[in-house]
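Everything below concerns the one structure shown next.
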Amino acid sequence: MKNLSGKRIVVTGGAGFIGSHLCERLLGDGHEVLCVDNFYTGRRQNIAHMVSNPYFEVLRHDICFPLYVECDEIYNLACPASPVHYQFDPVQTTKVSVHGAINMLGLAKRVKAKILQASTSEVYGDPKVHPQTEDYWGNVNPIGLRSCYDEGKRCAETLFFDYFRQHRLRIKVARIFNTYGPRMHPNDGRVVSNFIMQALRGEEITVYGDGSQTRSFCYVDDLVDGLVRLMDSPDDFTGPVNLGNPVEFTILQLAELVIKMVASCLMPHASRSKVVFKPLPSDDPTQRQPDITLAKKKLGWDPTVQLEKGLVKTIEYFSSLT
Ligand code: NAD
Ligand code: UDP
């Protein structure tokens, strides 16, 4: 039977961590979803439970090449997101950010689709304004190890706004802050996945630097809800808009919390885990916290999942893998 009420929605990067949750949400809302992914960091098991759904389709495709499909909306999430993954092949990271954005904007222009870009808090670099508001232009090193990602995403934002001004495209730009939850890649080197995997294995918890740098962690369900609200917002609201949980933690606090929580889940090796300090990677931002006033006002969005609650679900997921 044809789905008459839903939209045809493309999710690039749909087999990744956030993308797979987004596909699930959109199918649940009654839409047809085309997941476009080259499986660079995404995994088939992230989407395996959706493939029997007649409204879900998977296309193995690299968005650095043009894509010819018909659709009403595009969520552009394709890009490696963890520092370990995006620094593995930095030239490819810039290519997917820039060429990928051009191709998806070209698709949106041809089929007159609305398009949302998964941008990042990294556009603020090592911020001198705290908490970060959308009108802050950032403090980004253009030639460092993180630049392929930071500058790639900044250029993608530029392209989105030029297509908006030049071609009157309907665009949405979300600046996503650190997000965590089930289906993160266990080897992506991000802090939440690293700490949980280390604690589950009874290994040392590797805190980079002295652990005083801060991050604010958003649970994936909250983030996905923000993305959908942004896509559904009136056409005159383009963003950029910060999406993240504003509760800020030091990395040392996170390490201690993960050790405590994994131990309380009665993992046999957890109590053996101790914090060890390792060198801080270059250009590692010292503090990061979103100001979400705009998202609250324009989208009625406010994250609801507290870190402890989200960590329980994430620990359960990772323990099912080990
Ligand atoms: P992820 O690595 O799990 O997902 C990215 C997906 O894109 C993967 O499935 C990967 O295979 C796919 N991909 C990569 N290059 C591609 C290409 N050339 N063509 C097609 N597919 C390609 O990462 P994630 O955490 O789910 O992040 C999703 C998006 O959100 C990214 O754009 C990322 O920059 C952005 N973001 C994420 C966070 C976070 O904390 N997770 C924070 C800020 C921004
Ligand atoms: N970090 C850490 N130990 C790890 C992994 C990361 O102390 O095993 C730190 C990292 O240096 C950074 C913060 O945790 O200060 C967040 O790192 P992540 O790679 O998750 O994302 P970022 O926000 O830096 O892109």
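Couple of notes before you dig in:
- Of the helices (runs of 4 or more DSSP H) lying entirely inside segment 58-167, those containing at least 3 residues that are more than 16 Å from ligand 2 (Cβ to nearest atom) are 90-111, 147-167.
- Every residue from segment 15-32 that is farther than 20 Å from Val84 by Cα and either within 14 Å of ligand 1 (Cβ to nearest atom) or of a type in the set (Lys, Arg) (or both): Ser20, His21, Leu22, Cys23, Glu24, Arg25
- Any hit, segment 158-171, residues being in contact (Cβ under 8 Å) with a residue 60 or more places away in the chain, β-branched (Val, Ile, Thr) and farther than 17 Å from Val98 by Cβ: no
- Search result, residues across segment 170-216 that are in contact with a Pro (Cβ under 6 Å, 6 or more places away or on another chain) and within 22 Å of Leu116 (Cα to Cα): Val173, Arg175, Phe177
- Index of the failed condition, Pro246 passing every other in (1) under 21 Å from Leu116 (Cβ atoms); (2) of a type outside the set (Asp, Glu); (3) touching a Pro at 6+ places or on another chain (Cβ under 6 Å): (1)
- In summary, Leu254 fulfils each of the numbered conditions (1) of a type in the set (A, V, I, L, M); (2) in a helix (DSSP H, G or I); (3) surrounded by fewer than 20 Cβ atoms within 10 Å (Cβ to Cβ) with the single exception of condition (3).
- The listed residues are Ser82, Ser121, and the only one of them that is touching a Phe, Trp or Tyr at 6+ places or on another chain (Cβ under 8 Å) and either within 8 Å of ligand 1 (Cβ to nearest atom) or on the phi > 0 side of the Ramachandran plot (or both) turns out to be Ser121.
- Of the residues making up segment 1-49, those that are of a type in the set (A, V, I, L, M), free of Cβ contacts under 8 Å to residues at least 60 places away in the same chain and out of contact with any Ser or Thr (no Cβ under 6 Å at 6 or more places or on another chain) are Met1, Leu4, Ala15, Leu27, Val33, Leu34, Ala48.
- Residues of segment 48-64 satisfying the condition of being more than 13 Å from Leu26 (Cα to Cα) and among the hydrophobic types (A, V, I, L, M, F, W, C): Ala48, Val51, Val58, Leu59, Ile63, Cys64
- Top-ranked residue in segment 198-230 [being of a type in the set (Asp, Glu) and within 13 Å of the chain's Cα centre (by Cα); ranked as farthest from Pro279 (Cα to Cα)]: Asp225
- Exactly one residue among Pro240, Pro234 is surrounded by fewer than 15 Cβ atoms within 10 Å (Cβ to Cβ) and not small (Gly, Ala, Ser), and that residue is Pro234.
- So Ser282, is it within 11 Å of ligand 2 (Cβ to nearest atom), touching a Ser or Thr at 6+ places or on another chain (Cβ under 6 Å), closer than 25 Å to Asn141 by Cβ and not in a helix (DSSP H, G or I): no
- Checklist (1) closer than 18 Å to Met104 by Cα; (2) touching a Lys or Arg at 6+ places or on another chain (Cβ under 7 Å); (3) not in a loop (DSSP other than H, G, I, E, B) applied to Ala15, failing item: (3)
Since every read-out is calculated from the coordinates, none of them should be taken as a lab result. Note that the structure is predicted; figures quoted are calculated from it, not measured. Please note: Cβ atoms are built from the backbone with ideal geometry, for glycine as well, and neighbour counts cover all protein chains shown.
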